[in-house]
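Some notes on the structure that comes next.
The values are calculated or read from the model by the stated rules, or taken from the named source; none is laboratory data. Please read all numbers here as calculations on a predicted model, not as lab measurements. Positions of Cβ are backbone-derived with ideal geometry, glycine not excepted, and every protein chain shown enters the neighbour counts.
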Amino acid sequence: MATSESRRSFIGFAFGGVATVGGVFSLVAMKKTWDPLPSVKAAGFTTVDLSGMNEGELRTIEWRKKPIFILKKDANMAKDEKRDVIVDNATYTVVIGLCTHLGCIPAYAPSEGLFKCACHGGEFDVSGKNVFGPPPRPLDIPPFKIEGTKLVLGEEGPEYQKMIAEA
Amino acid sequence: MAHITKANGIVDWLDQRLAVKKLMNVLMVEYWIPKQINFLWAMGVILTVLFTVLFVTGLLLVMYYKPDTALAFDSVNKTIMQEADYGWLWRHMHGVAASVIFLIIYIHMLTGIYYGSYKKGREMIWISGMLLFVVFSAEAFSGYMLPWGQMSYWAAQVITNLFGGVPFIGDALVIWIRGDYAVSDPTLTRFFMLHVCLLPIVIIMIIAFHFYALRIPHVNNEIAEELDFDLEAQKYKNGDTKGSKVIPFWPAFLSKDFMYICLFMIFFFYLVCFKFNFAMDPINFDPADALKTPAHIYPEWYFLWSYEVLRGFFFDIGSIKAFDIGLAAFGIAQVIFFLLPWLDRSDVVKPAHARGKFFVWFWILLVDLIVLTVYGKLPPTGINAWIGFGASVVFLALLLVVLPLITRKEKE
Ligand code: FES
């Protein structure tokens, strides 16, 4: 009978509609459950005091569970306008110490002035630029803000924004 | 309701309520297997046995394992290995089975390719099998991570990093998968969930589907002869068991499989008792350290071939980055076998040795896979890098170019 046919298809559509809305909401909820927890996000800021560093010294600190290389450049090391971080009139290379190839941690060889990744032979110069091997781009620069002699990682200061805008 | 009468025994009692006799007939007694198949067809049953071993030993391990980055390493290396009675046995069985199951999967797959068992009518068997392979890989990888040793940690780091190669959303995707900016506790607990809950359920469902898909076009045989299963089965049932070309799965066929299972289990326990180390990377006996990469990262042996395809492309071509080429090639390597029924343009179903060029193609593919596996383990420097590159190119060319060409010729 015609009426019951159309009633049935109405029920079908109604069910389809409700199920779609419910499905979309649950997918969103599931996606968010997999997102990092608020506590994880809040722990994303680290402050380092650079005042005690010597020229040519490399310091590795941890930020968001990633190693950060801070290298205070000495006079022999080539400057790089685009990537150098100037704090208190000294020049630093500040990069995330994870190879941009597959994420291994490159080791610093001071005599050669290179960061060498053992995994697939990638190499980066003192400014963190890839000079050899499979890494597709220079080492990443973490968001930072300069406060006097201190560096706050995780916050985007004006220097960082300028650097990103130019890149 | 069916008419229930007083049962004359336990089987009859069950039969009246659950039709167990009919079920046994459908599943086993009247499930027909061609007679002309060799030991390579026993791999399916062996895989079922190995999966059962993994499942049971896994349950025993879960009782002591702790999915927490602070506790995981000790719960495996101390509690399970030293404190729990026979804990070492379950762990070694689990580890060795996880490794050996890939050997058998590869033999199973290559048998399918050799005898053309992916063709004409058997495509769904092949595809469900490939799906199983992919989910098994995810299962193996998520399990590899759980002991939270150095290699586990860095394997997780590298593999999750690969998703960064996805256009536009890559970086966010990596963080989403890890649940943190780097591989850490949330990553461990979610991989734990995948390894012990979600993926096993998916695997069991696909296994059921794989078996079901097998029942309709039936299993292939050594000479790829097309059998009329109904006719041959009728012959068998009429008493002409010699003249019929098929035998029932139970008891006739399985009895032979039991022999292969016995032989295999002897080999398996030999490995578990005397050679378990091959499935245990020494680096994994150092606890995970997020701030120190091991000098040399490589996956377990069964992923080496695709790992080598990933890193085989080590130089940029034009404006395309080496990394992206490698990633694309790696992606292709993961899915290309799914398409085998369509890359093979010929509809001749015959074993490879009766197919001339295809036979040559098959052996070159096998050798190439072995070369990739060997070089996947070696450091990618100097000449090694070039051999890896060559073998990766050969791999892609064999499947994407050579196979369609030679099989189209064959069709003419
Ligand atoms: S991860 Fe550094 S070169 Fe591959």
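Restricting attention to the stretch A:97-129, the residues being closer than 27 Å to residue B:309 by Cα, modelled with pLDDT of 90 or more and surrounded by fewer than 21 Cβ atoms within 10 Å (Cβ to Cβ) number 4. Residue check: residue B:85 meets all listed conditions (1) crowded, with 17+ Cβ neighbours inside 10 Å; (2) outside any helix (DSSP H, G or I) but one, namely (1).
Residue A:138 falls short on exactly one of the conditions (1) farther than 24 Å from residue B:313 by Cβ; (2) surrounded by fewer than 21 Cβ atoms within 10 Å (Cβ to Cβ), and that condition is (1). Scanning the stretch B:179-195 for residues that are surrounded by 20 or more Cβ atoms within 10 Å (Cβ to Cβ), touching a Ser or Thr at 6+ places or on another chain (Cβ under 7 Å) and more than 10 Å from chain A (Cβ to nearest Cβ) turns up B:188, B:191, B:195.
Listed by first and then second residue, the pairs linking a residue in the stretch A:26-38 that is more than 8 Å from chain B (Cβ to nearest Cβ) and over 15 Å from residue B:173 (Cα atoms) to a residue that is of a type outside the set (Ser, Thr, Tyr) and surrounded by 10 or more Cβ atoms within 10 Å (Cβ to Cβ), with Cβ atoms under 6 Å apart and 6 or more places separating them unless they lie on different chains, form an empty list.
Report yes if residue B:75 is among the polar types (S, T, N, Q), crowded, with 18+ Cβ neighbours inside 10 Å and within 17 Å of the chain's Cα centre (by Cα), otherwise no. Step through it out loud before you land on a result.
Numbers: among the polar types (S, T, N, Q): yes; crowded, with 18+ Cβ neighbours inside 10 Å: yes; within 17 Å of the chain's Cα centre (by Cα): no.
No.
Of all residues in the stretch A:32-70, those satisfying the criterion of being exposed (fewer than 13 other Cβ atoms within 10 Å of the Cβ), part of a loop (DSSP other than H, G, I, E, B) and among the small types (Gly, Ala, Ser) are A:51, A:52. Name the single residue, out of those in the stretch A:73-111 being among the β-branched types (Val, Ile, Thr) and within 16 Å of the ligand (Cβ to nearest atom), that is farthest from residue A:48 (Cα to Cα). Ranking the candidates gives A:100 first. Need pairs with beta-carbon distance below 8 Å; first residue of a type in the set (Val, Ile, Thr) and within the stretch B:385-399, second crowded, with 17+ Cβ neighbours inside 10 Å; sequence gap 6+ or separate chains. Listed pairs, sorted by first residue: B:387/B:371; B:387/B:375; B:393/B:312; B:394/B:368.
Across the stretch A:112-141, which residue is farthest from the chain's Cα centre (by Cα) among those that are in contact (Cβ under 8 Å) with a residue 40 or more places away in the chain and either at the interface with another protein chain (Cβ under 7 Å from one of its Cβ atoms) or within 12 Å of the ligand (Cβ to nearest atom) (or both)? The residue in question is A:115. Put simply, of B:371, B:335 the only residue that is without any contact (Cβ under 8 Å) to a residue 40 or more places away in the chain and surrounded by fewer than 18 Cβ atoms within 10 Å (Cβ to Cβ) is B:335.
Counting only helices (runs of 4 or more DSSP H) that sit wholly inside the stretch B:293-412, those with at least 3 residues that are closer than 30 Å to residue B:148 by Cβ are B:304-312, B:322-335, B:357-377. Go through the residues of the stretch B:130-146 one by one and say whether even a single one is more than 16 Å from the ligand (Cβ to nearest atom), more than 14 Å from chain A (Cβ to nearest Cβ), within 26 Å of residue B:48 (Cβ to Cβ) and not in a helix (DSSP H, G or I). There is at least one residue in the stretch B:130-146 that is more than 16 Å from the ligand (Cβ to nearest atom), more than 14 Å from chain A (Cβ to nearest Cβ), within 26 Å of residue B:48 (Cβ to Cβ) and not in a helix (DSSP H, G or I).
Under the condition of being facing another protein chain (nearest Cβ under 9 Å) and surrounded by fewer than 23 Cβ atoms within 10 Å (Cβ to Cβ), which residue from the stretch B:299-324 is nearest to residue B:335 (Cα to Cα)? So that I can check it myself, show each step before the final result.
In the first step, residues of the stretch B:299-324 are kept if they are facing another protein chain (nearest Cβ under 9 Å); the result is B:310-311, B:313-316, B:321-324.
With surrounded by fewer than 23 Cβ atoms within 10 Å (Cβ to Cβ) added as a condition, the list becomes B:314-316, B:321-322, B:324.
On the way: B:314: 22, B:315: 24, B:316: 24, B:321: 22, B:322: 20, B:324: 17 Å.
Of everything passing the filter in the stretch B:299-324, B:324 is nearest to residue B:335 (Cα to Cα).
Here is a check on your reading of the model: is residue B:295 within 16 Å of the ligand (Cβ to nearest atom) and surrounded by fewer than 19 Cβ atoms within 10 Å (Cβ to Cβ)? Answer is yes for this residue.
Of all the criteria given as (1) over 29 Å from residue B:288 (Cβ atoms); (2) free of Cβ contacts under 8 Å to residues at least 40 places away in the same chain; (3) crowded, with 19+ Cβ neighbours inside 10 Å, the one not satisfied by residue B:119 is (2).
Taking the stretch B:242-252, which residues are in a loop (DSSP other than H, G, I, E, B), exposed (fewer than 14 other Cβ atoms within 10 Å of the Cβ) and in contact with a helix residue (DSSP H, G or I) (Cβ under 9 Å, 6 or more places away or on another chain)? Write out each step before concluding.
To start, the set of residues in the stretch B:242-252 that are in a loop (DSSP other than H, G, I, E, B) comprises B:242-245.
Checking which are exposed (fewer than 14 other Cβ atoms within 10 Å of the Cβ) leaves us with B:242-243.
Hit for the stretch B:242-252 is B:243, nothing else.
Out of all the residues in the stretch A:71-92, is one or more within 14 Å of another protein chain (Cβ to nearest Cβ), outside any helix (DSSP H, G or I) and within 21 Å of the chain's Cα centre (by Cα)?
Keep residues of the stretch A:71-92 that are within 14 Å of another protein chain (Cβ to nearest Cβ), which gives none.
No: zero hits.
Residues in the stretch B:30-67 that are over 23 Å from the mean Cα position of the chain (by Cα) and assigned to a helix (DSSP H, G or I): 0 in all.
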